[in-house]
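One structure below.
The values are calculated or read from the model by the stated rules, or taken from the named source; none is laboratory data. Just so you know, these numbers come straight off a predicted model, no measurement behind them. All Cβ positions, even for glycine, are placed from backbone atoms using ideal geometry, and neighbour counts span all protein chains on display.
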């Protein structure tokens, strides 16, 4: 059974990933999956409405599902179902708790009391059940309806905070601006298709279209000081004001270019298309379709809703086949969630690798390796899909850099594990892969991670060379640091480092290459073979990191020379990249000079984690330089905790060797 267990687990892992590729079924009669496929243009990129729903919810509340913790009034909605309510039934959407507020000062400003944040349960039994289900006892997400009475004061305070330099703003002011911006995003979605206060926008548009000829004649007559129908002029002005409000607020360009216009970027918002109706005396067909979708959604008419969705797909596919194909693939990508599923697999890989050092080393390490391979394949497929959708190299922003750093580190771990077969590579891959994807998840909370880039960065040549190469240097430096962490913890709390490879290990090494087998056989005579193997791993990875970080930094200077007219400007990000190169070079030099031995190498590699994290994230939060993305509270504190944790490990590693469990006997 042990012989076939790795294959069984491998098959289960493939099924776990393959199940995500099955198209989701609609939970109701409404074709919400088809509605989610409908493409729109937002911030320069054509994307499905499903992506709009998911990214908007991540920005508003840091998660994609819409739910309430109250058991007495349960609410669970999918992202696209929530967006349909926002677009077509805004009064209902206003009651959904989707705006996250963590600051007590901001809560007080908008009139939310401590009592309002408490979760109320129907009974003691259900309260206990909620606690067991890890439902928090206090809420941090609130509805637009709850915040509406204090929006005027919130906006007044936010305008005051706008006048303060970004680097000088207090935590309260930053939180205040975030909440104001989130409310604005919600209002932009509410006005993207219809005027929020309209009880039946479709009927309103029909009446407006019928009145347009008369209204236009009245306006022209008034302009020429001729007798005119003042009521018609007033009605036209009222409608123009409503459409102008939609044009100014709506952030979705859902009306495709006119027939014969080949430019797919000439999409228009609903407000713009409705203002054009004063010149054409006709309501745009796409706007009428959306208005009728809203009427069908509110009345529960699934048949009409599904028919209109199907017609919209047919029309758009005939005109924009390439864009629709990408939109459909992106929808499937959203449902597959390859990075979230890989995170789960990385956790299992780490646990299995750790347990392999205690029990069933061959079986569990093989299972961990095959699951690691599956997770790596899933992450690779996700990155390639993002590249195809965006027509971009793998790294274009901080989010994609986190994905690529994790991917590169895991790829190196696969090579290490295949070479040494001791579980260390799998354990390191589990940690690095999970942490990198976790960082990427938090970076995705700022919005769509595949939107258009600034002009100076809009060059695939340098994105595919400088950014990719220097990011591989980041990945290798992090991997060396995490391998060093494993060395330190194993040495302090186990005897694994002092053990020599078994005869099975020698056979495994010999299977890889005669040289590896001979080295392992010789190592069996020593007392620190496993420790020596880890040392070799870290040393080899540091060499790799030095080469790639150096080449990547030089390529970055050439790019800067072409873009800004200077090779080097002592920008914080440039300095950070140089510091990584210098630190890795220092490690190699002091080791070659005999100034450090095995433990010193590990301590310096751990400090490489601090150097790289600062150069990767810290320099971006300084608020100065050409690479600054602004201060982020959550990222700053996470960076501080990460640095403090690594410093603590370095302090532990400085304990005398007689305190290390692996080296007590020595």
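Consider residue 645 carefully, then state whether it is part of a helix (DSSP H, G or I) and either over 26 Å from residue 401 (Cβ atoms) or at pLDDT 85 or above (or both).
Criteria met by residue 645.
Just one of 594, 517 is over 26 Å from residue 430 (Cα atoms), surrounded by fewer than 18 Cβ atoms within 10 Å (Cβ to Cβ) and at pLDDT below 75; which is it?
517
Suppose the filter is more than 30 Å from residue 35 (Cβ to Cβ) and over 51 Å from the mean Cα position of the chain (by Cα); does residue 230 pass it?
Considered against the rule, which asks whether it is more than 30 Å from residue 35 (Cβ to Cβ) and over 51 Å from the mean Cα position of the chain (by Cα), residue 230 comes out as yes.
Residue by residue through segment 383-397, note down the ones that are surrounded by fewer than 21 Cβ atoms within 10 Å (Cβ to Cβ), touching a residue at least 12 places away in the same chain (Cβ under 8 Å) and part of a helix (DSSP H, G or I).
Within segment 383-397, 383, 385, 388, 389, 390 qualify.
Collect the residues in segment 559-580 that are surrounded by 14 or more Cβ atoms within 10 Å (Cβ to Cβ) and in contact (Cβ under 8 Å) with a residue 60 or more places away in the chain, keeping them in residue-number order.
Those that are surrounded by 14 or more Cβ atoms within 10 Å (Cβ to Cβ) and in contact (Cβ under 8 Å) with a residue 60 or more places away in the chain: 559, 563, 577, 580.
Yes/no per residue for (1) under 21 Å from residue 12 (Cβ atoms); (2) crowded, with 22+ Cβ neighbours inside 10 Å; (3) modelled with pLDDT under 90; (4) out of contact with any helix residue (DSSP H, G or I) (no Cβ under 8 Å at 6 or more places or on another chain):
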{"position": "299", "(1), (2), (3), (4)": "no, no, no, yes"}
{"position": "310", "(1), (2), (3), (4)": "no, no, no, no"}
{"position": "330", "(1), (2), (3), (4)": "no, yes, no, no"}
{"position": "342", "(1), (2), (3), (4)": "yes, yes, no, no"}
{"position": "359", "(1), (2), (3), (4)": "yes, no, yes, yes"}
{"position": "367", "(1), (2), (3), (4)": "yes, yes, yes, no"}
{"position": "371", "(1), (2), (3), (4)": "yes, yes, no, no"}
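Sort through 334, 251 and tell me the only one that's surrounded by 15 or more Cβ atoms within 10 Å (Cβ to Cβ) and at pLDDT 90 or above.
334
Quick grid of which residues meet (1) touching a strand residue (DSSP E or B) at 6+ places or on another chain (Cβ under 7 Å); (2) part of a loop (DSSP other than H, G, I, E, B); (3) under 30 Å from residue 184 (Cβ atoms):
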| position | (1), (2), (3) |
| --- | --- |
| 8 | no, no, no |
| 11 | no, no, no |
| 15 | no, no, no |
| 30 | no, yes, yes |
| 34 | no, no, yes |
| 52 | yes, no, yes |
| 56 | no, no, yes |
| 59 | no, no, yes |
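Please indicate, with yes or no, whether at least one residue in segment 178-200 is touching a residue at least 60 places away in the same chain (Cβ under 8 Å), within 40 Å of the chain's Cα centre (by Cα), buried (at least 18 other Cβ atoms within 10 Å of the Cβ) and over 29 Å from residue 286 (Cα atoms).
Yes, because at least one residue in segment 178-200 is touching a residue at least 60 places away in the same chain (Cβ under 8 Å), within 40 Å of the chain's Cα centre (by Cα), buried (at least 18 other Cβ atoms within 10 Å of the Cβ) and over 29 Å from residue 286 (Cα atoms).
Looking at residue 380, is it at pLDDT 90 or above and surrounded by fewer than 21 Cβ atoms within 10 Å (Cβ to Cβ)?
Here the answer is yes, as residue 380 does meet what is asked.
Being within 17 Å of residue 52 (Cβ to Cβ) and part of a loop (DSSP other than H, G, I, E, B) is the filter here, so list the residues in segment 233-263 that pass it.
Hits for segment 233-263 are 250, 251, 252, 254, 256.
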